[in-house]
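Before any comments, here is the structure.
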Amino acid sequence: MNRKKAGIAFLLLGAVLILSALLLFLRNTEESRAAGESAREALEEMQEYIWVIPTQPESETSGETAQTEPVDPTMTVKTINGHDYIGYLSLPKLELELPVMDEWSYPDLQISPCRELGSVKTDDMVVIAHNYPSHFGRLKELQKGDEVSFTDMDGKVWEYKVSAVETVDPHDVEKVHNSSHDLVLYTCTVGGEFRVTAFCDREKTDETQTEAQP
């Protein structure tokens, strides 16, 4: 009799675990869908804004002077639906274009990727996002040499190539925040045990950024 009760208890426990896993999957799927939709709405408005920006005249500052003057890391911000954005990422390999918020918070990460620190102007920007399939969930599919670009709110396109994709211990903050790479993208693995991190770099031989095209 006791064995029968124990068997029933194990069956009930198994059913509860399966149901919990199913509910978690459904919740994550809905969060990913909602996050993807929010990102698309912000991206559409952002691109419409960027495409009507007049072409900026070339700076008359000489190359020698430009190299000696300190670079202002400040990036132009555009407020969309109550949130501040600095531009958008293009990941052709993953067929993704994603808006990037100016600052990060846990609620904001449910809407779009966010800048954690740095600037494209000083080649030290770090962007964080959830592992939703609609955000950075497929980041591990990037490979060395894949193209990545960032279009800022001034219409400048900053072009990069992936230098490495690594799984990083979450406690190894220095590896991400002070990587010496020009652009770092990262997200949690499923379960949050590690960080999938893509390190990207610009071609330093061409310092001129192109203008975004409609």
Query raised in the report: Out of the stretch 150-181, which residues are among the hydroxyl-bearing types (S, T, Y) and more than 16 Å from Y85 (Cβ to Cβ)?
Result: Y160, S163, T167, S179, S180
Query raised in the report: Across the stretch 164-182, which residue is least open to solvent (accessible area, probe 1.4 Å) among those that are outside any helix (DSSP H, G or I) and over 24 Å from K93 (Cα atoms)?
Result: P170
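Rundown of residues vs (1) at pLDDT below 95; (2) closer than 21 Å to L109 by Cβ; (3) β-branched (V, I, T), yes/no style:
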| residue | (1), (2), (3) |
| --- | --- |
| D146 | no, no, no |
| K161 | no, no, no |
| H171 | yes, yes, no |
| V190 | yes, yes, yes |
Query raised in the report: Within the stretch 140-174, which residues are touching a residue at least 12 places away in the same chain (Cβ under 8 Å) and farther than 28 Å from A42 by Cα?
Result: K144, G145, S163, A164, E166, T167, V168, D169, P170
Query raised in the report: When the stretch 124-163 is examined, which residues are found to be touching a His at 6+ places or on another chain (Cβ under 8 Å) and open to solvent by 20 Å² or more (accessible area, probe 1.4 Å)?
Result: G137, S163
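The values are calculated or read from the model by the stated rules, or taken from the named source; none is laboratory data. These numbers come from a predicted model, not from an experiment. Every residue, glycine among them, receives a Cβ derived from its backbone with ideal geometry; neighbour counts consider all protein chains shown. To get the accessible areas, we keep the full protein, side chains included, count just its heavy atoms, and leave off ligands, DNA and RNA. Shrake-Rupley method; radii C 1.70, N 1.55, O 1.52, S 1.80 Å.
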